[in-house]
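Okay, so here's the structure we're looking at.
The values are calculated or read from the model by the stated rules, or taken from the named source; none is laboratory data. The model shown is predicted, which means the values in this text are computed figures rather than measured ones. The accessibility values were calculated without ligands, DNA or RNA, using every heavy atom of the protein model including side chains. Shrake-Rupley method; radii C 1.70, N 1.55, O 1.52, S 1.80 Å.
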Amino acid sequence: MWVQFPLGALCFLYYNFSITLDIFESQFMITQKICPIINYNVSQLGTGVQMPNHKRNYCQFNEQRVNEILKQADHALPVVDEFLKTAQTEQQVCEALYVLDRMIDNKVKDVDKLYPTLSKFNYTHSPNIQVLLAGIYRKTLIPDAYGPLNRMLAQQIYYPTSPFFDPTEEIGGAILEYNRSYGVKNLYKNNTI
């Protein structure tokens, strides 16, 4: 049962109290310290996102909202994961992927464990989602993502879908990063430097 609070009450709770919620996940009880403002900010992902157009070849996200989520990134990661599982619009998916990308930059652990959720978007035709996924895969180097990256690259070469930017740059760069990373491991596995 959810109780709806006015935004002022949520901010009061955020700054003055720690709320511990019992969350049932996979039949085990996990106690996490979650601030209600995280749930609110994550639920608002995708609103106000400006997609690329003929004057701008990139998405514009609500940086203030993203920064608020990043302040409690360890606690926000499972909330963003749940949000991605139910996201309906390209704007929602793009901003949530952007949050994950920024979490990786901020050294949040276990982002790579979200691959089962992220793989839901591996077969998208959206160049915006493909570019953001490629950026995440490039930083996490999840082995299972190598094949989908190659499929995305082939799709963009044979059936380009973006009139405003070239997604093959980011996707190809992620593939090269995989090749470099895994190639170096195999090339120098018996040598010690």
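Please give the per residue accessible area of segment 54-193, computed with a probe of 1.4 Å over protein heavy atoms only, in Å². Walk me through the numbers on the way to the answer.
Details: 7790 Å² over 140 residues.
Using a 1.4 Å probe on heavy atoms only, each residue of segment 54-193 averages 56 Å².
When the listed pairs Lys55/Lys113; Lys55/Lys109; Lys55/Lys85; Lys71/Lys139 are checked against a 26 Å cut-off, the alpha-carbon distance exceeds it for Lys55/Lys113; Lys55/Lys109; Lys55/Lys85.
From largest accessible area down, sort His54, His75; use a 1.4 Å probe on the protein chains.
On the way: His54 155, His75 60 Å².
Result, largest first: His54, His75.
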